[in-house]
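For reference, the structure discussed in these notes is given below.
The values are calculated or read from the model by the stated rules, or taken from the named source; none is laboratory data. Remember, it's a predicted structure, so these values are computed and weren't measured experimentally. Positions of Cβ are backbone-derived with ideal geometry, glycine not excepted, and every protein chain shown enters the neighbour counts.
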Amino acid sequence: MKVSRNLLGSIFLIVLALVIIIKPVHSSGFMAQVGQDVNRMTLTTAAGRTTTLGQVLGHHAGLLNFFATWCPACRMELPSLHSAVSSPDKLILLSQGSPRRTTTFLRQYGIGPAHSFYDPRGRLFASFFVTTLPTSYFVNRYGIIVSKVIGPMTPALLRQNLRHANESREE
């Protein structure tokens with residue numbers, strides 16, 4: 001009886017220690033989900049300047065795509081993203097990689113630095129629950145998340161989600 005109590009007490013302490021040590025990174029308490037406003041989320045440009053998603057979106061629907069230069073699925077998906085998201089919709093590509101390497105990488109796909117943003121500390125990746133690359137969030141013109149896709153998208157799925165983002169009137 002005493003051994004099982006000690007064992008349970010030890011297990012409790014180990015679990016408690018793990019909960020304290022392993023805690024998710026939060027960005028101002030924001031945790032992305034459908035219906036959430038993303039306008040105030042901060043992005044970093046290749047030049048190191050900060051801006052908000054709301055400023056980048058400028059009251060247009062958009063696609064926020066979390067990717068990495070080393071990710072094969074991201075490489076496969078990039079040409080479709082770039083061709084499907086046309087003005088006035090916004091394509092926002094978010095990487096944890098270095099701005100120089102990422103800019104060079106995106107140039108290979110004909111994508112300029114206006115679409116490229118960085119999250120060197122991983123705060124946005126954590127706030128948007130990005131555990132698989134690529135992960136995409138579709139946002140309406142009010143800056144509200146209307147859908148999320150984990151993994152690479154087919155062109156049909158991409159068009160369907162962009163249409164949904166453009167038609168959404170949720171504020």
(request) Report yes if LEU106 is more than 15 Å from VAL56 (Cβ to Cβ), buried (at least 21 other Cβ atoms within 10 Å of the Cβ) and more than 14 Å from the chain's Cα centre (by Cα), otherwise no. (result) yes
(message) Report every pair of residues separated by at least 6 positions or lying on different chains whose Cβ atoms are under 8 Å apart, first residue within segment 35-57 and in a helix (DSSP H, G or I), second of a type in the set (D, E, K, R).
(response) LEU53/ARG40; GLY54/ARG40; VAL56/LYS90; LEU57/LYS90; LEU57/ARG141
(message) If I filter segment 148-171 down to residues being among the polar types (S, T, N, Q) and in a helix (DSSP H, G or I), which single residue comes out as surrounded by the most Cβ atoms within 10 Å (Cβ to Cβ)?
(response) ASN161
(message) Restricting to segment 127-151, give me the number of residues that are farther than 13 Å from GLU167 by Cβ, touching a helix residue (DSSP H, G or I) at 6+ places or on another chain (Cβ under 7 Å) and of a type outside the set (Val, Ile, Thr).
(response) 4
(request) Report, by residue number, each residue of segment 59-105 that is part of a helix (DSSP H, G or I), closer than 18 Å to MET153 by Cα and either of a type outside the set (Lys, Arg) or in contact with a helix residue (DSSP H, G or I) (Cβ under 6 Å, 6 or more places away or on another chain) (or both). (result) PRO72, ALA73, CYS74, MET76, GLU77, LEU78, PRO79, SER80, LEU81, HIS82, SER83, ALA84
(request) Considering only residues that are among the β-branched types (Val, Ile, Thr) and outside any loop (DSSP other than H, G, I, E, B), look in segment 1-34 and name the one that is modelled with the highest pLDDT. (result) ILE11
(message) Regarding segment 138-147, can at least one residue be identified that is aromatic (Phe, Trp, Tyr), part of a helix (DSSP H, G or I) and under 13 Å from the mean Cα position of the chain (by Cα)?
(response) no
(message) On the basis of being within 14 Å of the chain's Cα centre (by Cα), small (Gly, Ala, Ser) and at pLDDT 65 or above, does GLY58 make the cut?
(response) no
(message) Tell me yes or no: at least one residue of segment 125-134 is in a loop (DSSP other than H, G, I, E, B), within 18 Å of ARG40 (Cα to Cα) and out of contact with any Cys (no Cβ under 9 Å at 6 or more places or on another chain).
(response) yes
(request) Starting from residues that are within 15 Å of the chain's Cα centre (by Cα) and not charged (D, E, K, R), keep the ones in segment 79-94 and report whichever is modelled with the lowest pLDDT. (result) LEU81
(message) Looking only at segment 128-147, filter to residues that are crowded, with 16+ Cβ neighbours inside 10 Å and among the hydroxyl-bearing types (Ser, Thr, Tyr); which one of those is nearest to CYS71 (Cα to Cα)?
(response) THR135
(message) If I go through segment 42-87 residue by residue, how many of them are among the aromatic types (Phe, Trp, Tyr) and buried (at least 17 other Cβ atoms within 10 Å of the Cβ)?
(response) 2
